[in-house]
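Below you'll find the structure, written out as structure tokens, and then a few comments.
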Amino acid sequence: MKNETPKTVFLTTPLVETGPDKLVPRPSVVYTFLDLAGVLQITKRLWPVPDDLDVFRPEVPLLTELRPWMVFDEVLHAPLPIHVTHPYRAASSRADQAPALSRGAMFSVGYFVDGEGGFSRKNTRKTREGYSADYDVLAGHQRLLLGGHAPAQVPVLVPRGRSRGGAA
């Protein structure tokens with residue numbers, strides 16, 4: 001990705017595992033789901049906490065700073081078949097999953113623009129692993145950068161009884 005704007009942006013990567021007292025960056029982790037059209041969505045983003053769910057600590061990715069005209073790249077590995085992943089849904093066992101073929105694939109990443117939409121670098125904390133911010137600071141200010149649609153059929157394991165719309 002290249003920031004071709006005069007403003008600093010913060011990408012929602014890497015996603016993290018939340019330990020008892022710290023965040024552990026997991027650069028290769030992505031969220032995956034089949035959308036209503038059957039397209040495999042591969043994404044790194046701040047995932048909104050569902051209204052009907054009470055969580056102890058929302059899952060918030062670290063942020064990677066991308067200054068104007070800078071380039072950022074990251075390698076992702078996705079073993080096949082893809083397992084549907086979601087930060088607020090318990091992982092299902094292999095016995096509770098059904099194989100499916102996607103109708104293509106698309107990658108997206110969340111980002112925030114410094115000084116726009118209620119987001120400011122002033123509300124972040126610089127850590128060794130990247131920038132961090134509280135869920136309440138980020139929620140509602142995220143934008144998504146969408147990649148192009150790849151027409152390849154990808155083998156996916158989805159929870160039984162839910163073949164489409166895994167993001168809900």
(request) May I ask you to say which residue of PRO48, PRO6, PRO79, PRO87 is assigned to a loop (DSSP other than H, G, I, E, B) and either among the basic types (Lys, Arg) or farther than 24 Å from VAL158 by Cβ (or both)? (result) PRO6
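Okay, residues lined up against (1) loosely packed, with under 15 Cβ neighbours inside 10 Å; (2) among the small types (Gly, Ala, Ser); (3) more than 15 Å from PRO61 (Cα to Cα); (4) under 14 Å from the mean Cα position of the chain (by Cα):
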{"position": "PHE112", "(1), (2), (3), (4)": "no, no, no, yes"}
{"position": "GLY117", "(1), (2), (3), (4)": "yes, yes, yes, no"}
{"position": "VAL137", "(1), (2), (3), (4)": "no, no, no, no"}
{"position": "HIS141", "(1), (2), (3), (4)": "no, no, no, no"}
(request) Identify, by number, the condition in (1) at pLDDT 85 or above; (2) exposed (fewer than 13 other Cβ atoms within 10 Å of the Cβ); (3) more than 22 Å from HIS141 (Cα to Cα) that ASP52 doesn't meet. (result) (3)
(message) Can you find a residue that is part of a strand (DSSP E or B) and touching a Leu at 6+ places or on another chain (Cβ under 8 Å) anywhere in the range 66-74?
(response) yes
(request) List every residue pair whose Cβ atoms lie under 9 Å apart, where the two residues are 6 or more positions apart in sequence or sit on different chains, the first residue falls within the range 52-74 and is more than 18 Å from THR127 (Cβ to Cβ), and the second residue, located anywhere, is acidic (Asp, Glu) and at pLDDT 85 or above. (result) PRO68/GLU4; TRP69/GLU4
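The values are calculated or read from the model by the stated rules, or taken from the named source; none is laboratory data. Quantities reported herein were computed from a predicted structural model and do not represent experimental measurements. Note: ideal-geometry Cβ built from the backbone for every residue, glycine included; neighbour counts use all protein chains shown.
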